Amino acid sequence: MCGIAGIIHKNNSPVAMQQLETMNNAASHRGPDGEGYFLKNNFGLAHRRLSIIDLSENGKQPLHYLNRYTITFNGEIYNYLELKSELEKSGYHFKTQTDTEIILAAYDCWKQDCVNHFNGMWAFAIYDEQENKLFCSRDRFGIKPFYYCISGNQFIFGSEIKQLLTIEKPKVNFNILMDYLVYNLEEHTDETFFSNIKKLPAAHHLTYDLATHQFKIEKYYSIKIDETLKNISETDAVNLFQQNMQRSIQWRLRSDVKVGTCLSGGLDSSYISTIAAKNYHFENEKFSAITAQSIDQRNDETQFAKQVVEQSNLNWITTQPTTQDFFDAIEEEIKCQEEPFFNTSNFMQFFVMKAANQSRIKVLLDGQGGDETLLGYKRYYPTLFKSNSILNFPKIFFQVLANGNVSTKELLLQSFYFTNSSFRKMRLKKKHSLIKQEFIKLADETWIDKMADAYQNPLSMQLLELQHTQLPRLLKYEDRNSMHFGIETRLPFLDYQLLEFNLSLPTNLKIKNGWSKYILRQSMQNILPDSIAWRKQKIGFESPENIWLNDDNYFLKTINDSPLLQKIYNNKIPQNNTKHMLWKLFNIAKWEKLFGLSN
């Protein structure tokens, strides 16, 4: 796991080493173990190294292969050992033990189709000297970031926006800002909160011709649904799920440094922690789990995490961020995330990664993707109603009430509000009526229609959330928080083979008798206590927001002093806000100031 950067001069002049170094150093936290550069003709590549596999100098990047290819790579290819064996049979030879060298051999063998052989997460740029082009790629689900922009006569790219801001002047993208402010959307398009800075979409290539300075972006992957699994038996489904999960976790334990896990006490992290502990073998150490404790007992899951720790004999590391810890970290986290984020739960993850760094754990497993692939959110229940006949509605409704930890009122409101786009748009516009019309018009209301349409069935909802509205922002948060502390996070639920298997399963194996994540619960019940496997309460990775945001005056002062918000609200910034809205407005104001944004 690392940081990458690149500069191409479209006027064919040489790239200055100092400019490339400045850009690379802006992401030094992503790779505290070393740096490297490659300059040729009109372009330069840079790399910051976080040593995980092959800790020797052989793993240093940019890495060269066959006197033709040069790569700067961020990520991990988990099946690199299997690919290495396959490529060796085809006559390829290797000088290192890295997965990076495997990528280059695979590219030579299969060209751009190589990525379809990879199981992992990545963002990389390969220079092909013979064809005089850069081949850039981002993994199937966008776990690893790739930002780019054209700034004057330069095409620049990097792992983080702040790298690009060493060259490109920061300006507000009001379209994305309004999508965020009005509709809670962040990562739904290839645009960012910064005007002119874009991201390469997940599952896409970018090929840049260094002679003509033309580039094209192409999609290489779409989620495949296996229709043969629609009639699978519950027993077979549980067995196959366990096999896929076991393989996914074992591959993600491949490392030459210490591996641990994030443990909230929820279903996903509890299962991952338990399976990983059984398969972990590193210097005879216990497998480590890190838990963030909330100072608000209403959303603290420590009691559940403790049961997992005791059951699986884990080395337990806990952190309990106080209100003062939160205030001390506000500016650091907003700089770290680079773009506004809509609640303070990010800080809990921030402190988990900080604890991992202090404990010298360089790799952490995490449970992102479990809710989206196994129908773990409450908002999936209305999709269940929509996809069943009206005759089945009463039975399903009462099963959900019994086992879904949701009230009748909440269930009815969700079923109406989120499926009725016209009503939702009207309510949101009324809620934000103080925003000037010229700005409210910039918010893309078609996304409300898309979300409402997705409620017609669970699979449609899953695909939307995995590709646009939910998972992308969680992955962005995870990448920034982990890499800020030089931590690589690996996500077993986002193994593409496991993900496609889970999405292909019939809905009644994901929600059964009102139980969400049913197949996961069945897989857990013999290895974890029923109090974990069959717990109804889903807290989520929440912060003690009601305590942390209790000083309204501090936040309101920052909000009211914001030129950007004054411009949007025509000096009528709302004062009586929910904690959620208070944070959103404060976050925008702080972001504006910290990044020196011009309007």
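Quick test for you: out of Leu83, Leu63, pick the one residue that is more than 25 Å from Pro492 (Cα to Cα) and modelled with pLDDT of 95 or more.
Leu63 is the lone residue from the list that is more than 25 Å from Pro492 (Cα to Cα) and modelled with pLDDT of 95 or more.
With respect to Phe135, determine if the residue is in contact with a Ser or Thr (Cβ under 8 Å, 6 or more places away or on another chain), surrounded by fewer than 23 Cβ atoms within 10 Å (Cβ to Cβ) and not polar (S, T, N, Q).
It is true that Phe135 is in contact with a Ser or Thr (Cβ under 8 Å, 6 or more places away or on another chain), surrounded by fewer than 23 Cβ atoms within 10 Å (Cβ to Cβ) and not polar (S, T, N, Q).
Please list, ordered by first then second residue, the pairs with beta carbon atoms under 7 Å, 6 or more apart or interchain, first in region 243-261 and closer than 13 Å to His281 by Cβ, second among the basic types (Lys, Arg).
Lys258/Arg360; Lys258/Lys362
So how many residues does region 427-468 have that are hydroxyl-bearing (Ser, Thr, Tyr) and closer than 21 Å to Leu177 by Cβ?
Qualifying residue count for the region: 2.
For region 79-96, which positions are surrounded by fewer than 19 Cβ atoms within 10 Å (Cβ to Cβ) and hydrophobic (A, V, I, L, M, F, W, C)?
Answer for region 79-96, where residues must be surrounded by fewer than 19 Cβ atoms within 10 Å (Cβ to Cβ) and hydrophobic (A, V, I, L, M, F, W, C): Leu81, Phe94.
Just to verify a result, which residue in region 276-297, among those that are out of contact with any Gly (no Cβ under 8 Å at 6 or more places or on another chain) and in contact (Cβ under 8 Å) with a residue 40 or more places away in the chain, is surrounded by the fewest Cβ atoms within 10 Å (Cβ to Cβ)?
Among them, the one singled out is Asp296.
Determine, yes or no, whether Leu401 is touching a Phe, Trp or Tyr at 6+ places or on another chain (Cβ under 9 Å) and either touching a residue at least 24 places away in the same chain (Cβ under 8 Å) or part of a loop (DSSP other than H, G, I, E, B) (or both).
no
What are the pairs, 6+ residues apart or on separate chains, where a residue within region 222-242 that is of a type in the set (Val, Ile, Thr) has its Cβ under 8 Å from a residue that is in a loop (DSSP other than H, G, I, E, B) and at pLDDT 95 or above?
These pairs meet every condition: Ile232/Leu505; Ile232/Pro506.
Of all residues in region 365-397, count the ones that are surrounded by fewer than 22 Cβ atoms within 10 Å (Cβ to Cβ) and more than 16 Å from Gln462 (Cα to Cα).
10
Just one of (1) of a type in the set (A, V, I, L, M); (2) buried (at least 19 other Cβ atoms within 10 Å of the Cβ); (3) over 26 Å from the mean Cα position of the chain (by Cα); (4) not in a loop (DSSP other than H, G, I, E, B) trips up Leu520, so point out which.
(3)
Where residues in region 93-112 are under 13 Å from Leu83 (Cβ atoms) and without any contact (Cβ under 8 Å) to a residue 24 or more places away in the chain, which of them is nearest to the chain's Cα centre (by Cα)?
Taking the candidates together, the pick is Ala106.
Among the residues in region 322-342, are any free of Cβ contacts under 8 Å to residues at least 60 places away in the same chain, among the polar types (S, T, N, Q) and assigned by TED's automatic domain parsing to the domain that holds Gln525?
Within region 322-342, one or more residues are free of Cβ contacts under 8 Å to residues at least 60 places away in the same chain, among the polar types (S, T, N, Q) and assigned by TED's automatic domain parsing to the domain that holds Gln525.
Could you list, ordered by first residue, the pairs with Cβ atoms under 8 Å in which the first is in region 384-395 and under 14 Å from Ile511 (Cα atoms) and the second is small (Gly, Ala, Ser), at least 6 apart or interchain?
Partner pairs satisfying both residue conditions: Phe385/Ser415.
Quick check, is Tyr417 buried (at least 22 other Cβ atoms within 10 Å of the Cβ), hydroxyl-bearing (Ser, Thr, Tyr) and on the phi < 0 side of the Ramachandran plot?
No, not satisfied.
Listed here are the residues, each with its yes/no results for (1) closer than 24 Å to Trp316 by Cβ; (2) out of contact with any Asp or Glu (no Cβ under 7 Å at 6 or more places or on another chain); (3) surrounded by fewer than 21 Cβ atoms within 10 Å (Cβ to Cβ).
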| residue | (1), (2), (3) |
| --- | --- |
| Asp226 | no, no, yes |
| Ser233 | no, yes, yes |
| Asn239 | no, yes, yes |
| Gln242 | no, yes, yes |
| Met245 | yes, yes, no |
| Val257 | yes, yes, yes |
| Cys262 | yes, no, no |
| Gly265 | yes, no, no |
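Looking at the structure I just gave you, is Asn12 among the polar types (S, T, N, Q), buried (at least 22 other Cβ atoms within 10 Å of the Cβ) and either in contact with a Cys (Cβ under 7 Å, 6 or more places away or on another chain) or over 21 Å from Val257 (Cα atoms) (or both)?
For Asn12, the condition - among the polar types (S, T, N, Q), buried (at least 22 other Cβ atoms within 10 Å of the Cβ) and either in contact with a Cys (Cβ under 7 Å, 6 or more places away or on another chain) or over 21 Å from Val257 (Cα atoms) (or both) - is not met.
Taking region 31-51 on its own, how many of its residues are touching a Ser or Thr at 6+ places or on another chain (Cβ under 7 Å) and over 15 Å from Ile4 (Cβ atoms)?
Residues that pass the stated criteria total 1.
Any residue at all in region 64-75 that's β-branched (Val, Ile, Thr), under 19 Å from Ser255 (Cβ atoms) and not in a loop (DSSP other than H, G, I, E, B)?
The answer is no; no qualifying residue exists.
Taking region 163-188, which residues are part of a loop (DSSP other than H, G, I, E, B) and in contact (Cβ under 8 Å) with a residue 60 or more places away in the chain?
The answer is Leu165, Thr166, Ile167, Lys169, Pro170, Asn184, Leu185, Glu186, Glu187, His188.
Look at Asn25 and say whether it is surrounded by 15 or more Cβ atoms within 10 Å (Cβ to Cβ), out of contact with any Leu (no Cβ under 6 Å at 6 or more places or on another chain) and assigned by TED's automatic domain parsing to the domain that holds Ala125.
So Asn25 passes the test.
Looking at region 433-446, can you tell me whether even one residue there is in contact with a strand residue (DSSP E or B) (Cβ under 9 Å, 6 or more places away or on another chain), buried (at least 21 other Cβ atoms within 10 Å of the Cβ) and of a type outside the set (S, T, N, Q)?
No, region 433-446 contains no residue that is in contact with a strand residue (DSSP E or B) (Cβ under 9 Å, 6 or more places away or on another chain), buried (at least 21 other Cβ atoms within 10 Å of the Cβ) and of a type outside the set (S, T, N, Q).
Let me confirm something: among Ala211, Ala237, which residue is at pLDDT 95 or above, among the small types (Gly, Ala, Ser) and under 20 Å from Pro458 (Cβ atoms)?
Ala237
Restricting attention to region 465-511, which residues are of a type in the set (S, T, N, Q) and touching a Leu at 6+ places or on another chain (Cβ under 9 Å)?
Within region 465-511, Thr469, Gln470, Ser482, Thr489, Asn502, Ser504, Thr507 qualify.
The values are calculated or read from the model by the stated rules, or taken from the named source; none is laboratory data. Everything quoted here is computed from the prediction, not taken from an experiment. Backbone-built Cβ (ideal geometry, glycine too); neighbour counts: all protein chains shown.
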